[in-house]
Structures are given as structure tokens and as C-alpha cells.
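The values are calculated or read from the model by the stated rules, or taken from the named source; none is laboratory data. Here the structure is a predicted model, which means the values were calculated and not measured. Using ideal geometry, Cβ is built from the backbone for each residue, glycine included, and neighbour counts are taken over all protein chains shown.
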Amino acid sequence: MCQPCHVTDGSKKAIIAAFFANLGIAIAKFVGFLITRSAGMLAESVHSLADTGNQGLLFLGGRRAQRDATPEHPFGYGRERYFWSFAVALVLFSMGGLFALYEGIEKFRHPHEVDKVWVAVGILVFGLLIEGNSLRVAVGEARHHKGDASWWQFIRHSKQPELPVVLLEDTGAEIGLALALTGVIVAHQTGDARWDALGSISIGLLLIVIAIVLIIEMKGLLIGESAGPADRARIVAALESGPHVDALIHLRTEHIGPDEILVAAKLEYDSTLTFDQVTDAINRTERAVRDAVPAARMIYIEPDLRVEGYVDSERRDAHGDHGDHDGDR
């Protein structure tokens, strides 16, 4: 049976840090908005409130993914983590991006002078410091998973949805705070409140872009993606080196959760083997695959015969003859 799909300790630490940072900043920003009437401050308070809710959704996805498999869901609930991360992207797009854009446009059309500007500046600087600490925690935890990949490659190809989501949210929050701070200060110095509105519009556009990136990434994981290049190569090597295996004919892999890979393969075994010997060889091959890639928890192997000229695409890609399928995301 499929084992429960757990959120890693590193992901939990990053989510907790982001949750409390966003909750504290959301309260401070909203109080600041009530005092200053700044459009950028209101946009940022709603942004932080949405981010706080998003961390709750990530926790919810992690807990629901731990449920045992059922007859209706025989492969378990690992993809719940992808679904709730997708929901986070939608919240970020709507409550964060679209609201900030709407508020900025309204304030641009009907400018309102920012009251007590230094209160807004102080709260925004406080937010920069708190969000900076949250981002530092997320970056530190993500380093354990990204290896030699660039940050963009990590976000594009990670099968763990929580850390990329928190990284993008925290980065967007830091940039958004800087934009809001710039808008408030320039509006105060020039006496033109439309600069504050432009800060809100910039925040909205930023959040929409981040949300679209997350939606694209989570969509690929929800639909189903193969194991990464390194895992595919190890799986192929384990299958081809299995006892009495003459050839790997066909291979398909798919992530059914961040830490769970489904492997289906057709292998040609030595034709002189008895039924019992083939069964034993299959069992030993499965153990070899699990030893090579522990995440390969569900393995289905079918003995078969090769068709002349047939080349399996996933086996071919695992040997490096073509580019990585994950790049199609």
C-alpha cells in the first residue's frame, strides 16, 4: 500500500515562519492603512492577509495528503499537496494581485493624500525586516533540496510544492514592500498621491505574475509528471541490471505525490526461466529499484518480448539521448 506523503520538516519550518511573519505584518499594515489611508498600505495588508491564509492551505494540504489509500483512491492522497498549492496560487492571483491592481487604479483615478506618512514608512520597514527573516528561513531550507540547480530550476522542477510556493511568496512580499515604500515616500516628497497608487498597481502586477508562474507549475504536477532525470536514470539502471533481465522494453514513471513515484515497466527475461524463477527475478528487480530510488514505492513489472525497432521514449530519455520532459512544463 502507498505510504502517507508527509510534508518535510524543512517545509514545515518555512511555512510556520511565513505564517507568523505574514500574520503580524498583515495586522500592522492594516492598522497603518487606517491611520494613513495609503493605497499601497491597504494593498500590502490584503496581500499579507492572503499570504497568511495561504500558509494555512499548505498545512491543510500536507495533513490531507497523509490519509491512507482507499478503494476509491488506491494510489493515496499525495497529490492533495499539489491541489492546495494550486489553490494558493489562485488566492494570490485574486485576493493579492487583482485587489491591489483594482485599489491602485481607483486611487490613481481619485487620488487621496497619504496621512502621517512616517507611520506608513515605519510599518513598511518593519515588514521588510520580518519578511526578510521569513525569506531567509525558506532559502535555508530550500538549499537542502535544490542541490546544484539554480533557484529558477528548483522552482521549475521541484516535486515538493511547499518550498517553491513559500519562496515565491516571500520574494514577492519583499519586492512588494519595497514598491509600497517607494510609492509612499515619492508621493510625500512630490505631493502627488498618484505615486502611492502607482505603488499599489505595481504590487498587483507583481503578484499576478508570481501567481501565474505558480499556477503553471502546479498544473503540471496535478496532471502528472514523470520522475526527474536523475531518478529515471537510476530506475533504468536498476531495471536493466536486474537478475536474468535481457532487456528493458517499456518504462513509465509518474509522481503520485512529492515523495511517491509509480513505476510501470515491461522487461524481457531469460526465456529459459521457469515461472517460479521469473517471479523471483521480478521480486528481486523490484527490490533493486526501491534500493536505488526509495520514492519508487509502487512498482509494476510485466515480463514481455521485444518488438524489433521499438525504442521506448522514457527509457531513451533516461539514457540522455533527448532533453528532459520536465522542461515542457
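Observations, loosely collected:
Per-residue answers, yes or no, for (1) of a type outside the set (Val, Ile, Thr); (2) assigned by TED's automatic domain parsing to the domain that holds residue 111; (3) modelled with pLDDT under 85; (4) on the phi > 0 side of the Ramachandran plot:
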| residue | (1), (2), (3), (4) |
| --- | --- |
| 4 | yes, no, yes, no |
| 18 | yes, yes, yes, no |
| 33 | yes, yes, yes, no |
| 38 | yes, yes, yes, no |
| 80 | yes, yes, no, no |
| 95 | yes, yes, yes, no |
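- From the options 46, 114, 137, residue that is at pLDDT 85 or above and either touching a helix residue (DSSP H, G or I) at 6+ places or on another chain (Cβ under 8 Å) or not assigned by TED's automatic domain parsing to the domain that holds residue 197 (or both): 137
- Within the range 233-250, tally of residues that are touching an Asp or Glu at 6+ places or on another chain (Cβ under 7 Å) and either assigned by TED's automatic domain parsing to the domain that holds residue 154 or within 20 Å of residue 159 (Cα to Cα) (or both): 0
- Restricting attention to the range 218-232, the residues that are under 13 Å from residue 263 (Cβ atoms) and assigned to a helix (DSSP H, G or I) add up to 2.
- A single entry from 208, 216, 235, 212 fulfils the requirement of being buried (at least 21 other Cβ atoms within 10 Å of the Cβ), more than 19 Å from residue 270 (Cβ to Cβ) and β-branched (Val, Ile, Thr): 235.
- In the range 60-76, the residues that are outside any helix (DSSP H, G or I) form Cβ pairs under 6 Å with partners that are basic (Lys, Arg), at six or more places apart or across chains, as follows: 65/81.
- Candidates 86, 99, 108 - the one that is at pLDDT below 85 and either closer than 23 Å to residue 174 by Cα or in a helix (DSSP H, G or I) (or both): 99
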